[in-house]
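One structure is given here, and the rest of the page talks about it.
Here, each number is a calculation from the coordinates, and none is a lab measurement. Because the structure is predicted, anything quoted here is derived from the model rather than measured. Positions of Cβ are backbone-derived with ideal geometry, glycine not excepted, and every protein chain shown enters the neighbour counts.
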Amino acid sequence: MHVRAVPKEKIRTVLEEDWIDRNRSPYAEGDTLWVPVKAGAAFDRVIPDNHPYAGRGFFMIGEIAVIHGKKPAHAEVEAIVQFRHPQGVVWIESLNEVTRTPATEVLWGDVGEVRHQENGYSYFLDPRKVMFSQGNRVEKLRMAALVKESGLHERIADMFAGIGYFTVPMSGSGGRVHAMEINPVAFAYLQRNIIANGLSGCVTASLGDCRNLLSGTYNRIIMGHFDAIEMLPSALQHAEAGSTIHLHSIGSVEDQITECCAGAGFSPTIMVHKVKKYRPHAWHVVQDVTLA
């Protein structure tokens, strides 16, 4: 795999570059992020594949191999086991739209609670019980970089905190995060991961519907749920001129954002960032909405 070296604190400056291969995950090494490049693009280093693998796509959470999409055939599972030697293999069939609780099936080995390490942080979770989005890795780094670069010790609302995907790196970068989660199982892991990463003094965790938990005003609001647009009016009640909202969706919802902001008395500036391909002809995007 061809990669290019990017200092972690500079990752935000290159995220929109065309040379990035968004089908591969970056590799962290100290303060350097090795970002995969597309074929034909300039690169700084080659990270060899220890073993060739051209089988079914999967990703690792701790020592567990996780598969999305159509249920794999037995031969596909065997190929993953031979290639990666995981502790277990689990197939995630679907996610509950509200609580993001996965419907899963263990296809091989033992699957249970694991400790997953990413970008220098630890996350405890059971992939049979809670969601973990490996594909958002670069977006998590971008959020952490934005918080660090602001230098303001921002007050941040993470409205759909899950187990701490954004809460942990943002608080680790100097933010004061109000993390909200409606799923009790995910919330328990959120609390555990805050403690495991030594961030108890930086995070306030709340269990319940985020629309009822928001309080005061925030410098930054993270809306990491595909139905976030429906809850934007609640977020805007706790924002002010200069606040930034990061609203996730499948495909752009800029027109709806503009209309909603105008109704709340704000004039928004919107920047759209692609996170990953969600399905053919549809992208998971984040709209950075700066209010005036």
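Compared with the dominant Cα axis of the chain, that is its longest principal axis, helix 184-196 is turned about 90°.
For the pair V185 and V272, the difference between a 0.36 nm per residue extended length and the Cα-Cα distance amounts to 28.1 nm. For the chain, the residue among C202, G109, V285 whose Cα projects farthest onto the positive side of the dipole built from Cβ charges is G109. Rg then Dmax, both in Å and based on the Cα atoms of the chain: 19.1, 58.
A crude spin-label estimate for the pair Q87 and R211, with each label 7 Å from Cα along the Cβ direction, gives 3.8 nm. Summarising the label geometry, the points placed 7 Å from Cα in the beta-carbon direction at S252 and D110 lie 5.0 nm from one another.
Nearest 5 percent is fine: what portion of the DSSP beta bridges confined to the chain is antiparallel? Write out the running numbers ahead of the final one.
Values: 43 of 63 bridges.
Antiparallel bridges make up about 70 percent of those DSSP assigns within the chain.
Please give the length that would be gained between T13 and A282 if that part of the chain were fully extended, namely 0.36 nm times their separation in residues minus their C-alpha to C-alpha distance (nm, one decimal). Before the final figure, lay out the partial values.
Numbers: separation 269, 0.36 × 269 = 96.84 nm, distance 2.43 nm.
Value of the extension gain: 94.4 nm.
Gain on full extension, evaluated as 0.36 nm per residue between R192 and A264 minus their Cα-Cα distance, stands at 22.3 nm. Legend: P(r) of the range 59-112 from all alpha carbon pair distances, 5 Å bins from 0, whole percents, reading 4, 21, 31, 24, 12, 5, 2, 0.
Give the percent of DSSP beta bridges with both residues in the range 59-112 that are antiparallel, rounded to the nearest 5. Walk me through the numbers before you get to the answer.
On the way: 10 of 14 bridges.
Within the range 59-112, antiparallel bridges account for around 70 percent of the total.
Between the Cα long axis of helix 254-263 and the first principal axis of the chain there is an angle of about 30°, rounded to the nearest 10.
Share of pairwise Cα-Cα distances greater than 19 Å in the range 134-291 is 51 percent (whole percent).
If both residues of a DSSP beta bridge must be in the range 40-184, then about 65% of such bridges are antiparallel. Values of log10 I(q)/I(0) for the range 2-46 across q = 0.28, 0.29 Å⁻¹ run -1.09, -1.16, by the Debye formula with one identical scatterer at each alpha carbon and no solvent.
Only Lys, Arg, Asp and Glu count, each charged at its Cβ (+1, +1, -1, -1), so figure out the dipole size of the range 137-211 about its Cα centre, rounded to 20 debye.
120 debye
Relative to the longest principal axis of the Cα atoms of the chain, the long axis of helix 137-150 makes an angle of roughly 40 degrees. Choose one of G69, V90, A79: the residue whose Cα lies farthest towards the positive end of the charge dipole of the range 59-112 (beta-carbon charges +1 Lys, Arg; -1 Asp, Glu; about the Cα centre). Checked the options; the winner is G69.
3J(HN,Hα) along the range 279-284: 7, x, 6, 9, 10, 7 Hz, from the Karplus curve 6.51 cos²θ - 1.76 cosθ + 1.60 with θ = phi - 60°, whole Hz, x for Gly and Pro.
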